[in-house]
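Read through the structure below, which is laid out as structure tokens, and then see the notes.
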Amino acid sequence: MLELKQVSAGYGAFRALFDIDMAVQAGEAMAVIGPNGAGKTTLMRVISGLIRPRSGSITFDGQSIGGRPAHQVVATGIAHVPENRRLFPRLSVEENLTIGAFLPSARAELPSRLAAMYALFPPLRERRHQLAGTLSGGEQQMCAIARALMSGPKLLLMDEPSAGLAPVVVEQVFDLVQRIRTEGFTVLIVEQNVQGVLDVVDRAYLLEVGTIRLSGAAAVLREHPFVRRAYLGM
């Protein structure tokens, strides 16, 4: 579904990604793990069109998307849940979700898509008229995910969904990831919470200093000596 070949990217004179090779298959949940500053958020921004790759190729469903502007990438079927959620705090939950349906195809199905999100995330129905900025951290993440799903994506990108949340809320966020998976969505998630994310994905890549150090099945990486020592404290 998604394939990156020899992708490099950065900001000005700073290079954040070095020759990244990566693939995500339809129907799977895949994680990119690694420390803060490894280049995980840059990777998400390159895929979603927020920054241009300096070299390499990015293809999605057979189409080249490397260097396309973000609104065109969304139209191909990729939705991005940014780090720290980035909701419109002074708009209601339902207004935030409606903004997620800005594509013409999504606007035409707005009532049914709202109904689908309220069925998937029942607390949002109860709070649909509440200002998004007054929601709890977990509810805000739920709203951010639902807003992205309103575009009807084939691939959902999630950038550090557990960042800044209390431990009990982090558990709720990973439960949300599981729930999305049962709905058949393909998910690419970048996350510093290595233990939590490896419990809910099929495969993972370990990104360090802008390069892929390890990759494989989540269960295999969880038992890898380097991952256990450096990231799981074992």
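Tell me, what is the FRET efficiency for Lys154 and Arg15 to the nearest 0.05, using R0 = 25 angstrom and their Cβ-Cβ distance as r?
E between Lys154 and Arg15, to the nearest 0.05, is 0.25.
Taking the Cα centre as origin and putting +1 on Lys and Arg beta-carbons and -1 on Asp and Glu beta-carbons, what dipole magnitude results for the chain, to the nearest 20 debye?
So the magnitude is around 480 debye.
May I ask you to derive the FRET efficiency for Gln63 and Val209 from their Cβ-Cβ distance with R0 = 22 Å, giving the value to the nearest 0.05?
Efficiency, from the Cβ-Cβ distance: 0.15.
Roughly how many whole Å is it from the C-alpha centroid of the stretch 187-231 to that of the stretch 44-123?
25
Quote to one decimal, in nm, the extra length available between Gln195 and Arg125 on full extension: 0.36 nm per residue of separation minus the C-alpha distance between them.
So the chain would gain 22.1 nm between Gln195 and Arg125.
Asp175 versus Ala108, label points 7 Å from Cα toward the beta carbon: distance in nm?
Distance between label points: 3.7 nm.
Among Leu198, Leu50, Leu207, which one shows the highest mean-square fluctuation when the chain is modelled as a Gaussian network with alpha-carbon springs under 10 Å?
Top of the fluctuation ranking is Leu50.
Based on the Cβ-Cβ distance from Ala70 to Val168, what FRET efficiency comes out when R0 is 41 Å, to the nearest 0.05?
0.75
DSSP beta bridges in the chain, what fraction antiparallel, as a percent rounded to 5?
Restricted to the chain, the bridges split so that about 55 percent are antiparallel.
Taking loop as defined by DSSP and a crowding limit of 11 other beta carbons within 10 Å, which GluC sites (Glu not before Pro) in the stretch 1-97 fit?
Sites meeting the loop and neighbour criteria: none at all.
How high is the relative contact order of the chain? Use alpha-carbon pairs under 8 Å, at least six apart in sequence, and give a whole percent.
26
Given the Cα-Cα distance of Arg54 and Thr134 and 0.36 nm per residue of separation, how much length would full extension add, in nm?
24.8 nm is the gain from fully extending Arg54 to Thr134.
So how far, in whole Å, is the C-alpha centre of the stretch 149-178 from the one of the stretch 15-33?
Spelled out, the Cα-based centre of one part sits 17 Å from the other.
So how far apart, in nm, are the two label points at Ala23 and Leu232 if each is 7 Å from Cα heading toward Cβ?
Label at Ala23, label at Leu232, 2.6 nm between them.
In the stretch 106-210, which GluC sites (Glu not before Pro) fall in coil by DSSP and have 15 or fewer other Cβ atoms within 10 Å?
Qualifying residues, ordered by number: Glu109, Glu183.
Working out 0.36 nm times the residue gap between Lys5 and Glu223, then minus their Cα-Cα distance, what length gain in nm do you get to one decimal?
Value of the extension gain: 75.7 nm.
In debye, nearest 20: dipole of the stretch 149-234 around its Cα centre with unit charges on the Cβ of K, R (+) and D, E (-)?
In total the dipole reaches around 240 debye.
Laboratory data are not the source of any read-out in this text; all were calculated from the coordinates shown. Note that this is a predicted model, so its numbers are computed, not measured. Positions of Cβ are backbone-derived with ideal geometry, glycine not excepted, and every protein chain shown enters the neighbour counts.
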